[in-house]
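The structure appears right after this line, and notes come after that.
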Amino acid sequence: MEKRRRVINADLIKTLSLAGCKILENEPMSKRCSFKIGGGADFFVEIPTEKALLVFLQNIGEENFFILGGATNILFSDNGYRGAIVKLTEEFAQFSIKGNAVTCGAGASLPLVVKAAAENNLSGFESLAGIPGTVGGAVLGNAGSAAKWISNSVESVEVFRNAKKELLKREEIVFEYRSSNLKNVVITKINFTLKKAAGNDILKEISESINRRAQSQPLNTPNAGCIFKNPKDASAGKLIDESGLKGKSYGGAKISEIHANFIVNTGAAKADDVLYLAELAKKTVKEKFNINLEYEIKIIK
Ligand SMILES: Cc1cc2nc3c(=O)[nH]c(=O)nc-3n(C[C@H](O)[C@H](O)[C@H](O)COP(=O)(O)OP(=O)(O)OC[C@H]3O[C@@H](n4cnc5c(N)ncnc54)[C@H](O)[C@@H]3O)c2cc1C
């Protein structure tokens, strides 16, 4: 195991605590992510306000922390994380709706925002129904389904870069399938513009999306969503299925029998078990179809 690096010393713990941060040491990441896998992070820091975030960023280099949303698209190493895992709470979990404008803190729950938009007869988020996590995580990874992505409704994004606040207009941000160029920044707030629509149409699309997921995803077993991005004009799940790997187990991990692009934690999976199956899927798909699968989940070591 790597040597523990104290990126936060006793004085800094005091400073951050005074700013309102909550700091936990050696926090198991298995408790904090949808996969329920991962060793201890040296520090787990909950940051409640922009003021506290600024204090944090002025004292800790970006190489020493990792910003977490809802941790629904992440595989943490069994060895945990050497540094600080940061979660934006309180002020960052708020959102508001005025007319067609939806303003969200990056830590706001995506499912709650989708629900509130529907209740206000606002259309644009229907295809996001059933996607877990935060709005910040969804914007960073341009979450969505088929060709309907969260970026379609983004107006602007507030970020901190090198401890300085910036407002990025939509035209300044590059969004692609499951990615954006919002790298090396902390997203703090997102402004969306939605369209007024009939409430019944919105609710119908939302319930179709949720039903589709319930039938096609292993929602009752811990997982982190799709392991791989879909290659151009192909489905990663179908390729893995046609490689004969559906249901394949290793240690406590298993390629889902319901959807082959999901790996599930059947109880006591290690990150290494998941990676073994993922690499096996990559290798087999390459050999059989000459297609390179690219990870969608973030692997954090
Ligand atoms: C059952 C299930 C179904 C899913 N279905 C879908 C789907 O249909 N479509 C889809 O796109 N995804 C899907 N996902 C994956 C996942 O839910 C989404 O990608 C989600 O948007 C990730 O958000 P999060 O808050 O959990 O981000 P996390 O997993 O916590 O983080 C993801 C990335 O975002 C970064 N990040 C998070 N917050 C910030 C911030 N404030 N500033 C800077 N960087 C930040 C993290 O550093 C990390 O790199 C599914 C997952 C599960 C478990």
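General observations
- Residue under evaluation residue 155, criteria (1) at positive phi; (2) assigned to a strand (DSSP E or B), criterion not met: (1)
- Pairs where the first residue, in the stretch 193-214, is in a strand (DSSP E or B) and the second is acidic (Asp, Glu) and more than 16 Å from the ligand (Cβ to nearest atom), C-beta under 8 Å, 6+ apart: 193/155
- Qualifying position, being within 18 Å of residue 73 (Cβ to Cβ), part of a loop (DSSP other than H, G, I, E, B) and more than 10 Å from the ligand (Cβ to nearest atom), among 142, 223, 230: 230
- Taking the listed residues 79, 26, the one that is in contact with an Asp or Glu (Cβ under 8 Å, 6 or more places away or on another chain), outside any loop (DSSP other than H, G, I, E, B) and away from the ligand (no atom under 15 Å from the Cβ) is 26, with no other qualifying.
- Residue 113 fulfils the conditions (1) touching a helix residue (DSSP H, G or I) at 6+ places or on another chain (Cβ under 8 Å); (2) assigned to a strand (DSSP E or B); (3) without any contact (Cβ under 8 Å) to a residue 24 or more places away in the chain except for a single criterion, (2).
- Taken across the stretch 282-301, residues that are of a type outside the set (D, E, K, R), assigned to a helix (DSSP H, G or I), within 16 Å of the ligand (Cβ to nearest atom) and more than 21 Å from residue 179 (Cβ to Cβ) do not occur at all.
- All of (1) within 30 Å of residue 51 (Cβ to Cβ); (2) touching a helix residue (DSSP H, G or I) at 6+ places or on another chain (Cβ under 8 Å); (3) part of a loop (DSSP other than H, G, I, E, B) hold for residue 183 with one exception: (2).
- Scanning the stretch 117-137 turns up at least one residue that is among the aliphatic types (A, V, I, L, M), farther than 28 Å from residue 57 by Cβ, more than 9 Å from the ligand (Cβ to nearest atom) and assigned to a helix (DSSP H, G or I).
- Candidate set from the stretch 264-279 (those that are touching a Lys or Arg at 6+ places or on another chain (Cβ under 7 Å) and either free of Cβ contacts under 8 Å to residues at least 24 places away in the same chain or aliphatic (A, V, I, L, M) (or both)); member that is farthest from residue 223 (Cα to Cα): 277
- Number of positions in the stretch 145-154 that are more than 7 Å from the ligand (Cβ to nearest atom) and in contact with a helix residue (DSSP H, G or I) (Cβ under 6 Å, 6 or more places away or on another chain): 3
- Of the residues 65, 35, 56, the single one that is crowded, with 19+ Cβ neighbours inside 10 Å and under 30 Å from residue 220 (Cβ atoms) is 35.
All of the numbers you see were taken from the coordinates with simple rules; none came from a lab. Source: prediction; values computed, not measured. Note: ideal-geometry Cβ built from the backbone for every residue, glycine included; neighbour counts use all protein chains shown.
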